[in-house]
Each structure stands twice: as structure tokens, then as C-alpha cells.
Amino acid sequence: MARGGVSTTLRRLLEQRKLLRARLGDEAIKTELEGAAYDLQRAKTSLEEADFKWATVKAYYSMFHAGRALLYSSGYRERSHAALLTALRELYAKSGRLDEAALDDFENAMSLREEADYAMTFSEEGAVRVTRDAERFVEVARDLLEKEGGPRHDERELGSKGCGNA
């Protein structure tokens, strides 16, 4: 853990501007959770329609939006998908607030989404698995946010470097 309660990994992401301190309120978190629910429903519908590429993509994005809601509640905003995953590992998995396996599922979904989008490689099996994992991830994120009472901003960390709703 580096000075000021921020891990070395988070400090590096902040210095590289891959992660930003942000004051994003309940509305931004709610919007992300709504996006997660919408994308999850689209993934399920796509599975029923045997559109495995789109099911894979939408299932990943449901996890992405749920992860963003968690990140926003901690007073940060990501500038890349990889930075989101790394920040969630630092903020939630290392503290035991989120199971590492859930973030492994997120990472797997990220890889499957990239393969589907960029290499046109996808399968029914992968789409089913990532949709199932997304359903669990979204539920866990929503439960964690409820349990922790919504947004959590450490004013000491944000200081004057926070940003407004973007």
C-alpha cells in the first residue's frame, strides 16, 4: 500500500491517467446499473435467437457497466476496459469485498468479447457461459452496492483532484 491509502497499482493507473478520481453521484451509478440490466436482457434475448456473437458482446457489456457502477461508488472513473478490471481487483478483490473468481469471469468475458468483435470468433458454449457469468456478476455488484449503502467517496483521497460528473 502506497502513501495516502492508495495502492501502488492504483497510484500507477492514476499517474498514467488510465484511472481518474471522480465525484460521480448516485445518478451515474444508477445509470450504469440500468445499462447493465439492459445489456444482460439483450444478451439473454440474443441467446434465445441463436445470435451468439451479440449475446457474447452484450453479456460482457452488462458486466462492464456493473463494474463501472462499483468503480464510481469508490470515487474513480476508468479510461480503459483493462484499467477498470485492474482497479476492481485492487479496490474490491484485495479487500475481500468481491470474490476474485467474479473478476476472473469478467476478464474471461472481456477476452470473449474481443474475439467476437475483432476476430469474428464466438460459439454457443461461450455465449451461454458468459451470459451466465454476467448474470451472477451483475447481481453481486448490485448486492454489494446495496450492502455498502451506495456511493462511497473517500474525501481525503479525492481532495481537489476530483472531477465533476462527466
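Annotation note: of Ala50, Ala93, Ala36, the sole residue that is hydrophobic (A, V, I, L, M, F, W, C), surrounded by fewer than 20 Cβ atoms within 10 Å (Cβ to Cβ) and either within 20 Å of Glu148 (Cβ to Cβ) or free of Cβ contacts under 8 Å to residues at least 24 places away in the same chain (or both) is Ala93.
The set of residues in region 1-33 being without any contact (Cβ under 8 Å) to a residue 24 or more places away in the chain and either in contact with a Cys (Cβ under 6 Å, 6 or more places away or on another chain) or over 19 Å from Glu139 (Cα atoms) (or both) consists of Met1, Ala2, Arg3, Thr8, Arg11, Arg12, Leu14, Glu15, Gln16. In region 109-130, the residues that are closer than 9 Å to Phe52 by Cβ form Cβ pairs under 6 Å with partners that are among the basic types (Lys, Arg) and surrounded by 14 or more Cβ atoms within 10 Å (Cβ to Cβ), at six or more places apart or across chains, as follows: Ala116/Lys53; Phe122/Lys53.
Checked against the criterion of being crowded, with 21+ Cβ neighbours inside 10 Å and acidic (Asp, Glu), region 124-144 has at least one qualifying residue.
Taking Glu90 as the residue in question, decide whether it is closer than 27 Å to Leu14 by Cα, under 14 Å from the mean Cα position of the chain (by Cα) and not hydroxyl-bearing (Ser, Thr, Tyr). Judged against the criteria, Glu90 is a match. With respect to being buried (at least 22 other Cβ atoms within 10 Å of the Cβ), in contact with a Pro (Cβ under 9 Å, 6 or more places away or on another chain) and not aromatic (Phe, Trp, Tyr), Ser62 falls outside the description. When region 2-20 is filtered for residues that are within 27 Å of Glu148 (Cβ to Cβ) and either crowded, with 19+ Cβ neighbours inside 10 Å or not charged (D, E, K, R) (or both), the ones remaining, listed by number, are Ala2, Gly4, Gly5, Val6, Ser7, Thr8, Thr9, Leu10, Leu13, Leu14, Leu19, Leu20.
Each value in this text was obtained by applying a stated rule to the coordinates, not by laboratory testing. Everything quoted here is computed from the prediction, not taken from an experiment. Because the Cβ atoms are built from the backbone with ideal geometry, glycine has one as well, and the counts that use them run over all protein chains shown.
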